[in-house]
Amino acid sequence: MYGLVAELRLLEEDRNKIRIGLKLRLNIVNEGNKSAILLKQDFAIGAEMLARSFEEANAQKYLYKSTHWPSVSRAPRWTSWKQHLDTATPQQSLTIMLLPNESLPLEAETSLYIEKAGNFDGTDKPWDEIRHLSTIWLQVQVRTWPINLEPTRNSEKLEFGEELQQRWQSFGDLQLKHITSEPIPMDFSTLTMSNTASKKQ
């Protein structure tokens, strides 16, 4: 997955933290030699990471990391969606088929909540250290298999998802794991104050 930052705005600031809004243009690209099958859904961002360099981002050496995946829901619509997916072949109304080298464009929004002093264990660096970097590298993750289709404590064992993956393998590879973007360059010197931003003491 590749992308760019289309907009960067300061949404909120107080003595302890800062909240920055991001608008992103992303492309999920099938770089394999077989079709990729994705569920039709809102590909919401569930994690953001910041690194000093492209290389450190790829090595997962982050200055900042935040995750906020959806909480588990037992709403009837999830059971209904699962029942409609339980077919011999991937249904066009429910799935997206990406041929090799094809891409799926997405527009997404998310926020960074950064503690000015960093976090208690030092894994997230202070805001002053982050904002003074001339370029910072952003990675985001999107979930391809919604947790509420198959609530489980072990995200590595998705019985229904893996069953569909096997059943549909002659059509393509059903994607079950998070997709992490390639590092995206970003410059906090372009940060502008939103008209609705609040600044507190």
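The values are calculated or read from the model by the stated rules, or taken from the named source; none is laboratory data. In this text the structure is predicted, and so the values were computed from the model without any measurement. Cβ atoms come from the backbone with ideal geometry, glycine included; neighbour counts cover every protein chain shown.
When you go through (1) in contact (Cβ under 8 Å) with a residue 24 or more places away in the chain; (2) buried (at least 16 other Cβ atoms within 10 Å of the Cβ) one by one for Y113, which number turns out not to apply?
Here Y113 meets the rest and fails (2).
In the stretch 150-168, what residues are in contact (Cβ under 8 Å) with a residue 40 or more places away in the chain and crowded, with 17+ Cβ neighbours inside 10 Å?
E150, L164, W168
If I ask for residues that are under 30 Å from W168 (Cβ atoms) and not hydrophobic (A, V, I, L, M, F, W, C), which ones from the stretch 1-41 would you list? Full working, then the answer.
Looking only at the stretch 1-41, we keep the residues that are under 30 Å from W168 (Cβ atoms), and these are 1-3, 24-41.
If the condition is that a residue be under 30 Å from W168 (Cβ atoms) and not hydrophobic (A, V, I, L, M, F, W, C), then Y2, G3, R25, N27, N30, E31, G32, N33, K34, S35, K40, Q41 are the ones that fit.
Give me the strands (runs of 3 or more DSSP E) completely within the stretch 34-94, filtered to those with at least 2 residues that are of a type in the set (S, T, N, Q), ordered by residue number. Quick ask: steps written out before the conclusion?
Numbers: elements: 36-39, 45-51, 64-67.
By residue number, 64-67.
Any idea which residue in the stretch 95-127 is nearest to A44 (Cα to Cα), counting only those that are of a type in the set (G, A, S) and assigned to a loop (DSSP other than H, G, I, E, B)? Break it down into steps so the answer makes sense when it comes.
Start the filter on the stretch 95-127 by keeping residues that are of a type in the set (G, A, S), which leaves 103, 108, 111, 117-118, 122.
Now drop any that are not assigned to a loop (DSSP other than H, G, I, E, B), which leaves 117-118, 122.
Working: A117: 28, G118: 26, G122: 28 Å.
Among them, the one singled out is G118.
Can you name the residue in the stretch 132-144 that is within 22 Å of the chain's Cα centre (by Cα) and farther than 28 Å from E156 by Cβ and, of all such residues, is surrounded by the fewest Cβ atoms within 10 Å (Cβ to Cβ)? Don't jump to the end; show me each part of the working.
Just the residues of the stretch 132-144 that are within 22 Å of the chain's Cα centre (by Cα), to begin with: 135-144.
From the residues that got through so far, the ones that are farther than 28 Å from E156 by Cβ too are 135-136.
Values: T135: 12, I136: 21.
Here the answer is T135.
Out of everything in the stretch 59-95 that is β-branched (V, I, T) and more than 18 Å from the chain's Cα centre (by Cα), what residue ends up being surrounded by the most Cβ atoms within 10 Å (Cβ to Cβ)?
Let us first name the residues in the stretch 59-95 that are β-branched (V, I, T), namely 67, 72, 79, 87, 89, 95.
Filter again for more than 18 Å from the chain's Cα centre (by Cα), leaving 79, 87, 89, 95.
Values: T79: 12, T87: 13, T89: 10, T95: 20.
So the residue we want is T95.
All but one of (1) under 23 Å from M1 (Cβ atoms); (2) in contact with an Asp or Glu (Cβ under 6 Å, 6 or more places away or on another chain) hold for G118; which doesn't?
(1)
Quick one: H68 ticks every box in (1) within 14 Å of M1 (Cα to Cα); (2) without any contact (Cβ under 8 Å) to a residue 40 or more places away in the chain; (3) not acidic (D, E) bar one, so which box is it?
(1)
In the stretch 168-194, what residues are over 30 Å from K157 (Cα atoms) and either of a type in the set (A, V, I, L, M, F, W, C) or at pLDDT 95 or above (or both)?
Correct list: I184, P185, M186, F188, L191, M193.
Have a look at T152, T144 and point out the one that is among the hydroxyl-bearing types (S, T, Y), at pLDDT 90 or above and part of a loop (DSSP other than H, G, I, E, B). Give the derivation first.
Values: T152 fails: at pLDDT 90 or above.
Only one candidate qualifies: T144.
Here is a list: K23, K17. Which entry is modelled with pLDDT of 95 or more and among the basic types (K, R)?
On the way: K17 fails: modelled with pLDDT of 95 or more.
On inspection, the qualifying residue turns out to be K23.
Only one of these is more than 24 Å from E162 (Cβ to Cβ), loosely packed, with under 15 Cβ neighbours inside 10 Å and either touching a helix residue (DSSP H, G or I) at 6+ places or on another chain (Cβ under 9 Å) or not polar (S, T, N, Q) (or both): E56, E31, E7. Name it.
Working: E56 fails: loosely packed, with under 15 Cβ neighbours inside 10 Å; E31 fails: more than 24 Å from E162 (Cβ to Cβ).
Going through E56, E31, E7 in turn, the sole match is E7.
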